[in-house]
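Everything on this sheet refers to the single structure shown next.
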Amino acid sequence: MELSTFLSVLQRFEIKIVADVRSNPRSQRNPQFDQAELEGTLKEAGVRYLFLGEELGGRPEDPKVYRSDGLVDYRVCRRRREFMAGVERLVQELNKSDVVLMCAEEDPLSCHRFLMICPEFTALGIEPIHIRKGGYRETQRDAEDRLLNSKKMAAVAGNSLFAEDRMAALESAYVAQSETCAFRIDPGTLDIW
């Protein structure tokens, strides 16, 4: 995505705060999205930049959040004190203005924003809205339904009468989706066992 396109989307939705949740805020293909350059460009555009990659990033440094096969476990991440502090910070910011969570993935289903961060906001009664390519907006619930349908759990997608079944199915679907999308490190580098 061109930086000008990104800025026009922010302007279109009147976004004044960009929370960067990339663990490593750099881009080899798009250096205009490197942290320092992006922060300066956003400041010139009247948008505040907030880095929360250490608290909410999908590639945490803490080896205790990784499974023995090297896959990051987003459920464990959500229980970390740092994660909760990042969520609390975002809630404070949301009391002032709309906030965009920025990462590298366009489709929420393949990003830790959806798989790790958004379930926490949903539990707090805050419904995230995903801004997709072309400025298309997708609600968290619609993205969850897409996930449930993709995992053959359509019976609890949509306006199911069984909210508890939906929540259990969603948690299973998040875990299954994480198997293919979550960050993975070489298990030999984990020094926790």
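Just so you know, all these numbers are worked out from the coordinates, no wet-lab data involved. Remember, it's a predicted structure, so these values are computed and weren't measured experimentally. We place every Cβ from the backbone using ideal geometry, glycine too, and count neighbours over all the protein chains shown.
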Please name which of L56, L190, I15 has its Cα lying farthest along the dipole of the chain towards the positive end, using unit charges on Cβ (Lys, Arg +1; Asp, Glu -1) and the Cα centre as origin. I15
Computed from these coordinates, which is semi-axes √(5λ) of the Cα gyration tensor in Å: (i) 30, 18, 14; (ii) 38, 28, 16; (iii) 26, 22, 15? (iii)
Can you compute the modelled spin-label distance between E54 and R81, with each label point 7 Å from Cα toward Cβ, in nm? 1.4
Residues in the stretch 65-102, backbone N under 13 Å from the label point at I185 (7 Å along the Cα-to-beta-carbon vector): list them, ranges by number please. 65-73
Using helices alone, I'd like the mean residue ellipticity at 222 nm for the chain: each DSSP H run of four-plus residues gives -39500 (n - 2.57), total over residue count, nearest 500. -12000 deg cm²/dmol
Can you tell me, using C-alpha contacts under 8 Å and at least 6 residues apart, the relative contact order of the stretch 1-98 as a whole percent? 28
Give the calculated FRET efficiency between A168 and E88 to the nearest 0.05, with a Förster radius of 22 Å applied to their Cβ-Cβ distance. 0.25
Subtracting the Cα-Cα distance of E37 and T122 from 0.36 nm times their residue separation yields 27.4 nm
Using Cα-Cα distances under 8 Å and only pairs 6 or more residues apart, what relative contact order does the stretch 72-193 have, in percent? 22
Of all DSSP beta bridges having both residues in the stretch 3-182, the percent classed as antiparallel (nearest 5) is 35
With DSSP loop assignment and no more than 14 other C-beta atoms within 10 Å, the trypsin sites (Lys or Arg not before Pro) in the stretch 1-70 are R26, R29, R67
